[in-house]
Amino acid sequence: MFRVLTASAVFLATVPAMPAVANNNEKKRDENVQFTMHPIGWVRKTEEKTTIELKKKFQPGLLRAEKLTEIWVLYWFDRNDTPEKRSILQVHPRGNPDNPLTGVFATHAPVRPNLIAMSRCKVLSIKENVIEIDGIDAFPDTPVLDIKSF
């Protein structure tokens with residue numbers, strides 16, 4: 001499970017145990033394994049444009065990215081990070097009670113055990129550590145976890 005540890009947005013993840021395996025060469029994963037993640041940047045929005053502003057230390061990771069037309073942006077639903085919202089496993093899609101109850105893994109619901117979101121974005125420009133995109137379904141100042149080429 002992920003949880004915000006500090007205001008600087010450090011996240012811990014608990015990974016569930018892997019099932020026991022017959023092959024002794026494979027290791028069983030400890031259910032208490034944790035990973036630490038740090039945002040690489042932030043979603044920025046103004047009336048004129050939407051950007052991903054990377055921390056300067058990650059700018060070298062954009063080498064040759066100007067050739068990309070689309071990217072996947074992985075970000076954190078930080079405004080939904082409560083134990084109650086993390087425990088919700090079924091929702092009415094789009095918050096509409098007329099839609100049938102559906103498991104969160106079959107939806108785009110922002111409530112889920114791990115609050116990782118993913119959006120495909122068109123790249124409009126890249127200048128230094130800032131990627132201008134056509135838009136993203138994220139609030140301003142949302143922490144960005146990773147960017148992947150499409």
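Here are the numbers for this structure:
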item: Highest to lowest packing among 102-114, 84-96, scored as the average C-beta count within 10 Å; result: 102-114, 84-96
item: Computed label-point distance, nm, for sites residue 119 and residue 48 using a 7 Å Cα→Cβ extension; result: 2.0
item: Length added when fully stretched, residue 89-residue 128, from 0.36 nm per residue minus Cα-Cα; result: 10.0 nm
item: Label-point gap, in nm, between residue 146 and residue 36 - each point 7 angstrom along Cα→Cβ; result: 1.9
item: Cut-off under 5 Å, modelled amide H: who pairs with residue 145 long-range; result: 40, 74, 75, 76
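Only the coordinates and a few stated rules stand behind these numbers; no lab work does. Values in this document were obtained by computation on a predicted structure and should not be read as measured data. Glycine also receives a Cβ, built like all others from the backbone with ideal geometry; neighbour counts cover every protein chain displayed.
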